[in-house]
Structures are given as C-alpha cells and as structure tokens.
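Report on one structure; see the data block that follows.
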Amino acid sequence: AQDGTPQTYTVTVNRAAPVSNDANLLALDVYAGTAVTPPALALTPSSSQAMTSYTTVEAANTVLQVTLVATRADPSATMTIGGVASTGQTTVGIGAPNTTTPILIVVTPPSGPADAKTYTVNVPKAP
C-alpha cells in the first residue's frame, strides 16, 4: 500500500493440460465397395498400433472402390484418408484389374504435424 503497510497478494497459475501427441489408430478395417458390409477384407499383418503398412487380400476385379473405417486412438486428432479429411469412414477408388492401389491414412495429433503418423493400405485387385 502507499502508506507503507504490507499487503499480501495471491497469484493463481493454471497450467494448460498437456497436448496429446497420440497419432495411433485403434482399429482399421477395409470393405469392398461403398458400404460397410461384412466381411471386411483381411489385412496383413493384422491391424496393430505398431504397424503402419498393410496389404488387404485381393479385391475382385469388379470392385471399383473400397471403404476404409479407421478409429483414432485420440478422438481430438485429425485424419485424412486418401487425401480427404475424414472422421473415420471414407470411400476411395481403386485401380484397374491386376494392379495394387496404395491408400494413405495420415493421423495428426493435437500436438501438430511433427507428430503425425502415416499409414499405408495396399489394395491389390484381381486380374
């Protein structure tokens, strides 16, 4: 105070919660066509947080698109599937018979692009 009397002040500091850097997928399934109609195309290796590259069983040569269903470990993370922003389910066109189409899934956690993780799903198509 101006008259020299001591004053006590209280300062409260609130820390922001730590920002997640989790770019893992909890689950990944691929379906032939534009609908989520079981069974899913089997993935090799099986879906796992440790893996970033997968190959499906061969899709029939009549299949024009596949639908990917990906579940992020951190729901606050953003994701693109085949270059398109996605909340978890996206249909992507695949190539001609007797080719393999790589589809990229990029998960970017709240901590930013430096911690992003890219997954590749290779979809071979029968001759």
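The values are calculated or read from the model by the stated rules, or taken from the named source; none is laboratory data. No experiment lies behind these values; they were computed from the predicted model shown. Glycine also receives a Cβ, built like all others from the backbone with ideal geometry; neighbour counts cover every protein chain displayed. Note: areas computed on protein heavy atoms with side chains; ligands, DNA, RNA excluded. Shrake-Rupley method; radii C 1.70, N 1.55, O 1.52, S 1.80 Å.
Before moving on, here are some points about what is shown:
- Full-extension gain in nm, Thr100 to Asn61, via 0.36 nm per residue minus C-alpha separation: 12.9 nm
- Portion, in percent, of the accessible area of the chain that falls on carbon or sulfur, probe 1.4 Å: 54
- Length-normalised contact order of the chain in % [C-alpha pairs under 8 Å, at least 6 apart]: 27
- R0 of 30 Å, Cβ-Cβ distance Ala85-Thr12: FRET efficiency to nearest 0.05: 0.20
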